[in-house]
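Right, one structure below, let's go through it.
Just so you know, all these numbers are worked out from the coordinates, no wet-lab data involved. Here the structure is a predicted model, which means the values were calculated and not measured. Neighbour counts run over all protein chains shown; Cβ positions are idealised from the backbone, glycine included.
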Amino acid sequence: MSNRIVITTDYLGEGDEVDRLLRSRGCEPVYAPSTLRRSPDEQAHLFDGAVAGIVSSEPITREMLAAAPTLKVVARSGVGYDSVDIAAAADLGITVCNTPGTNHHAVAELTLSLMLNCARRLTTVTRAVEEGAWPREAGTELRGKTLGVVGFGASGRAITSLGVALGMRVLVSTAHPGPSESPGIEFVDFDQVVSEADYLTLHARATGQPVIGVDQLAAMKTTAYLINTARGSLVDESALADALRHQRIAGTALDVLDREPMRDDDPLRGVENLWIISHLAGQTVEARQRSGLAAAEAVLAVLDGATPNGRIV
């Protein structure tokens with residue numbers, strides 16, 4: 001039987017801890033780093049002869065899965081799995097796993113960084129200094145402000161703890177209230193979170209429809225900031241661009257877009273009071289190590305006939 005494992009996660013490579021683990025178990029790692037721009041032919045042959053894939057956030061379609069008759073398992077080296085056609089995998093008998101609990105602190109810390117950038121306009125000031133200016137802008141403090149959190153998974157819980165530690169009022173909207181790592185948070189309905197937040201941060205799963213659209217943007221404070229480190233599809237980007245151009249909200253910081261990388265014709269191009277980074281929330285040295293090993297262990301469990309951690313289907 002083939003022991004070929006295709007790895008598209010760009011931070012995994014020959015000789016690292018994941019590579020050594022897989023080879024010690026008789027597997028043959030093959031590296032095809034994600035570019036998010038594979039040709040149809042490259043997509044069709046990505047998993048040729050493979051029994052497993054360890055993948056990043058690039059789309060794994062029904063056509064790609066159907067073209068790989070030996071494929072048994074696809075493991076996402078991350079928490080989100082909406083990039084994988086789950087229905088197709090179930091139809092084809094392919095197990096899909098993710099790696100929960102590996103990057104939530106990294107996501108929360110980056111979320112906090114984006115909030116601080118909004119509050120103190122750090123990138124704007126840095127750019128101005130590089131261009132020869134010496135701006136003396138007055139920023140705002142996070143203490144005493146209202147942090148609105150949509151979603152209460154691991155990263156949502158982690159950012160609530162940071163908000164409480166900073167002296168923020170913390171409101172949470174979730175279908176599954178549960179114990180927080182910090183006391184003092186309030187579980188309220190979604191509309192209240194949207195309308196009262198000074199910083200509205202998204203930590204929910206993709207739903208197939210935006211949760212932040214025209215109506216929600218209109219309900220936000222004009223002084224509020226929107227932060228998204230979850231999934232690009234949670235935000236109607238055209239509506240967001242319009243809201244920013246008309247100063248209906250103060251600004252936005254995004255780690256994720258609906259289509260990545262950013263297109264030349266993206267509606268958010270050229271919009272002011274908008275800061276976009278390249279899907280880095282879970283990308284710390286520590287989180288990468290945890291998620292890479294968790295994905296490899298999930299693959300090995302499936303190949304050994306066991307139930308893996310993080311199994312989706």
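Evaluated on the range 104-276, the Kirkwood hydrodynamic radius is 16.3 Å, with distances taken between all distinct Cα atoms.
What you get for the range 104-276, charging only the Cβ of Lys and Arg (+1) and of Asp and Glu (-1), is a dipole of about 360 debye around the Cα centre. From most to least packed by mean Cβ count within 10 Å, the peptides 120-126, 240-246 give 240-246, 120-126. Listed values for the range 25-38 are Karplus-derived 3J(HN,Hα) couplings in whole Hz (6.51 cos²θ - 1.76 cosθ + 1.60, θ = phi - 60°), namely 9, x, 8, 10, x, 10, 9, 9, x, 5, 10, 6, 9, 5, and x replaces Gly and Pro.
Computed from the Cβ-Cβ distance with R0 of 41 Å, the FRET efficiency linking Glu28 to Arg136 stands at 0.10.
With θ taken as phi - 60° and the Karplus curve 6.51 cos²θ - 1.76 cosθ + 1.60 applied, the whole-hertz 3J(HN,Hα) list for the range 50-62 is 8, 9, 7, x, 10, 10, 9, 9, 6, x, 10, 8, 4 Hz, x standing for glycine and proline.
Scanning residues 5 or more positions from Cys97 or on other chains, those with amide H under 5 Å from its amide H are Val74, Ala75, Arg76, Ile312, with H placed 1.01 Å from N in the peptide plane. Per residue, the chain reaches -9500 deg cm²/dmol at 222 nm when only DSSP H runs of four or more residues are counted, each adding -39500 (n - 2.57).
Counting neighbouring beta carbons within 10 Å and listing from fewest to most, the residues Asp266, Asp85, Asp16 come out as Asp16, Asp266, Asp85.
Around the amide H of Ile7, modelled in the peptide plane, lie the amide H atoms of Val30, Tyr31, Ala32, Ile54, all under 5 Å away and 5 or more residues distant in sequence or on another chain.
As a proxy for reagent exposure, His45, His279 were ordered by neighbouring Cβ count within 10 angstrom, fewest first; the result is His45, His279. Taking amide hydrogens as placed 1.01 Å from N in the peptide plane, the amide H of Gly251 sits under 5 Å from those of Leu226, each at least 5 positions away in sequence or on another chain.
Distance between the pseudo-spin-label points of Asp265 and Tyr11 (7 Å out from Cα toward the beta carbon): 3.4 nm. As a ratio to 2.2 N^0.38 Å, the alpha-carbon radius of gyration computed for the chain takes the value 1.06. Each part reduced to its alpha carbon centroid, the range 268-313 and the range 1-78 end up 14 Å apart. Only helices at least 18 Å long along their axis, Cα-based, and averaging 1.0 or more on Kyte-Doolittle count here, so list those DSSP H runs from the chain. Result, helices passing both filters: zero. Each of Met262, Met115 has some number of other Cβ atoms within 10 Å of its Cβ, and from fewest to most they run Met262, Met115.
Taking the charge dipole of the range 161-313 about its Cα centre, with +1 at Lys and Arg Cβ atoms and -1 at Asp and Glu Cβ atoms, the residue from Ile277, Gly208, Val313 reaching farthest to the positive side is Val313. The modelled label-to-label distance for the pair Phe187/Arg20, using points 7 Å beyond Cα in the direction of Cβ, is 4.4 nm. The Kirkwood hydrodynamic radius of the range 72-178, based on inverse pair distances between different Cα atoms, is 16.8 Å.
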